[in-house]
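Below is one structure, written out as structure tokens; the observations come after it.
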Amino acid sequence: MQTIKNTLAENLTGAHSLAPDSGKFSLEEVPDLSGKVALVTGGSEGIGYGCTHTLLSKNVSKLFILSLSEDIVDDAISAIRSEMGDAAAEKVRWFQCDLSDWSKTGDVAFQIAKETDRLDILINNAARGIMTAQLAKNGIDQHMAQNHIGHVVLTSHLLPLLKKTAEQGNTVRIVNLASNAHESAPKETKFESVEELNKDYGAMAQYGRSKLCSILYATYLTRHLNSAHPGILANATHPGIVETRQSSDHIFEPYPLGGYAMKYGMAPFKKSQFEGCVSTMFAATTTKKSGQYICPPAIVEPGSELARNEALSEQLMKLTWQVVKEKTQAASEGCPLKEY
């Protein structure tokens with residue numbers, strides 16, 4: 001019976017109270033963040049905006065947002081200014097960044113490192129959703145290029161800053177937005193070649209594989225980074241079924257008819273952006289553990305068999321390193337991808 005309750009709590013609106021006591025958490029429990037600095041990719045809309053709003057409401061000292069659209073971030077900052085005042089809005093520093101452009105992503109990370117002497121929270125949230133397979137300009141599957149590899153490049157370039165923050169006695173938390181859709185990743189996934197990365201498995205499988213990477217990367221960071229720097233925690237989270245542009249608009253791109261079921265049929269059951277960010281805020285501000293897959297509100301789940309495969313995690317990161325090195329000059333320009 002509790003398994004059913006967990007499923008409801010993890011995925012549907014208004015169901016967080018069904019979680020077991022060990023998995024309960026609310027945004028009201030997010031601690032005061034005075035003096036801390038955070039970064040949220042895709043922080044101007046959807047689940048990312050839920051994180052942004054919560055961080056500012058808890059007095060974070062500075063907040064970096066990375067996103068593609070200046071119009072959307074302007075709307076988000078205007079909403080923050082209207083609701084929280086000028087002081088909160090002025091804490092936000094926005095950078096336009098296409099995470100599938102790894103050289104640009106590295107440049108943005110270096111700019112951020114010049115503007116702050118600490119980074120306590122890194123939320124890798126931005127993602128291409130459930131959409132048809134396309135290639136990024138660098139010739140790599142867009143889901144993998146943006147959702148996984150872009151965040152690896154960003155995190156890697158920020159490592160010196162993250163380590164410095166932890167070495168000063170602070171707990172640093174890295175959160176990768178995953179999804180229960182990771183269970184849709186192709187069972188044959190091995191991460192052995194670019195040809196495999198670029199194979200079209202269909203919209204759900206493409207998305208699910210990239211979300212599998214979010215979990216595998218968190219466990220990789222735990223083995224290679226947290227082991228040497230215990231003050232740095234890395235976890236992956238599932239937000240639930242949330243009302244976002246992905247679930248209301250972009251879903252029609254791969255599923256012109258089926259999208260109606262998600263947009264309208266699921267509408268009464270979808271979480272708000274604030275409900276959808278609860279597990280991520282727990283991982284970003286409260287958890288004391290690393291290498292976990294955390295579902296709403298704060299339920300730790302094992303993930304799929306592929307998500308628990310340590311060898312697959314190592315192979316994923318080996319291929320990630322090879323692809324970045326081949327496609328950009330980042331490796332020779334100080335990108336510490338292997339310095340975990």
(request) Tell me which residues, restricted to segment 240-280, are in a loop (DSSP other than H, G, I, E, B), under 14 Å from LEU12 (Cβ atoms) and either out of contact with any Pro (no Cβ under 7 Å at 6 or more places or on another chain) or at pLDDT below 75 (or both). (result) ILE241, GLU243, MET266, LYS270, SER272
(request) Scan segment 173-183 and give yes if some residue there is over 18 Å from the mean Cα position of the chain (by Cα), outside any loop (DSSP other than H, G, I, E, B) and acidic (Asp, Glu), otherwise no. (result) no
(request) Report yes if some residue within segment 22-31 is touching a strand residue (DSSP E or B) at 6+ places or on another chain (Cβ under 6 Å), assigned to a loop (DSSP other than H, G, I, E, B) and crowded, with 16+ Cβ neighbours inside 10 Å; otherwise report no. (result) no
(request) Could you list, in sequence order, all residues of segment 51-68 that are farther than 26 Å from SER26 by Cβ and either open to solvent by less than 10 Å² (accessible area, probe 1.4 Å) or over 18 Å from the mean Cα position of the chain (by Cα) (or both)? (result) LEU66
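The values are calculated or read from the model by the stated rules, or taken from the named source; none is laboratory data. These numbers come from a predicted model, not from an experiment. Glycine also receives a Cβ, built like all others from the backbone with ideal geometry; neighbour counts cover every protein chain displayed. The accessibility values were calculated without ligands, DNA or RNA, using every heavy atom of the protein model including side chains. Shrake-Rupley method; radii C 1.70, N 1.55, O 1.52, S 1.80 Å.
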